[in-house]
1. Of everything in the range 20-56, what is part of a loop (DSSP other than H, G, I, E, B) and more than 17 Å from the chain's Cα centre (by Cα)? Give them in sequence order.
2. Taking helices (runs of 4 or more DSSP H) that fall entirely within the range 116-171, which contain at least 1 residues that are touching a Lys or Arg at 6+ places or on another chain (Cβ under 8 Å) and touching a residue at least 24 places away in the same chain (Cβ under 8 Å)?
3. Hey, can you tell me all the residues within the range 18-57 that are farther than 26 Å from P112 by Cα and polar (S, T, N, Q)?
4. Given the residues I79, I93, I104, which is the only one that is in a helix (DSSP H, G or I) and either in contact (Cβ under 8 Å) with a residue 12 or more places away in the chain or open to solvent by less than 20 Å² (accessible area, probe 1.4 Å) (or both)?
5. Could you please give the count of residues in the range 29-76 that are within 14 Å of F167 (Cα to Cα) and without any contact (Cβ under 8 Å) to a residue 12 or more places away in the chain?
6. Please go through (1) touching a residue at least 40 places away in the same chain (Cβ under 8 Å); (2) part of a loop (DSSP other than H, G, I, E, B) for C109 and return the number of the only condition it doesn't satisfy.
Amino acid sequence: MTVMNELRQRIESRFARNAYPDAAPRAFQPAAVLAFATRVTDAYAADARLLDEGVSGSWRALLEHAYEVYEAVRPCLSIRYSTRTVYAGPEDIVADLERGQLEINTEHCEHPLWTPEENCIFRIAHDVIPHALNLRPFSLEGEVLAFHDHVRRAPAEAKLALFTEIFGYAAIRYSTGVYPEAQKCVVFPELLADYEASFLPSARAAN
């Protein structure tokens, strides 16, 4: 069995898929996704808080899930940490995983709730689930679909944190060219609802 096959089997056996619809192709067009990402970027910038204590439970649920993913994949991998840009795309991650290794970038790890180590644990889950197992590209559309992949594997309580941690930071990165200087633990339920209504026409039927 290849390493990728074993990783896939470990994820499939431990994390049952939740129902979450695919993006509708007619709606999920680059210009429309970028326009929506700009709305997310503006909302993030307009919220001066670094931490909303009232929603910290969503980040706790997400971190617990990330640790469960980490424990599932760790027996297959030698994990290294660095400050360099390691991978140019998902194919590079897959190639490294097939060699039984994974390298995680430790930059931009300042977080209101998570330690740098905890932030990297989430990055391991993010590299494995959407980028390696689902071959999501390093692009705005790829990261938005990576949000879908995580929602399908994570507990429902983690969904709002996932929207900020994946959709939010991808929106900022691809609408401004850079990641935000500070990570925030704030949520955007109205924007998430708007995204689902605009891009996932079957969302209400599935949830």
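The values are calculated or read from the model by the stated rules, or taken from the named source; none is laboratory data. All of these numbers come straight from a predicted model, not from anything done at the bench. Methodologically, a virtual Cβ is constructed for each residue, glycine included, from the backbone with ideal geometry; neighbour enumeration extends over all protein chains shown. In case anyone asks, the SASA skips ligands and DNA or RNA and just uses the protein heavy atoms, side chains included. Shrake-Rupley method; radii C 1.70, N 1.55, O 1.52, S 1.80 Å.
1. A24, P25, R26, A27, F28, Q29, D47, A48, R49, L50, D52
2. In the range 116-171, 140-153 are the helices (runs of 4 or more DSSP H) which contain 1 or more residues that are touching a Lys or Arg at 6+ places or on another chain (Cβ under 8 Å) and touching a residue at least 24 places away in the same chain (Cβ under 8 Å).
3. Passing the criteria: N18, Q29.
4. Being in a helix (DSSP H, G or I) and either in contact (Cβ under 8 Å) with a residue 12 or more places away in the chain or open to solvent by less than 20 Å² (accessible area, probe 1.4 Å) (or both) holds for just one of I79, I93, I104, which is I93.
5. Counting residues in the range 29-76 that are within 14 Å of F167 (Cα to Cα) and without any contact (Cβ under 8 Å) to a residue 12 or more places away in the chain gives 2.
6. Failed condition: (1).
For (1) under 22 Å from A31 (Cβ atoms); (2) modelled with pLDDT under 95, each residue gets a yes or a no:
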| position | (1), (2) |
| --- | --- |
| N134 | no, no |
| L145 | yes, no |
| A156 | no, no |
| K184 | no, no |
| A203 | yes, yes |
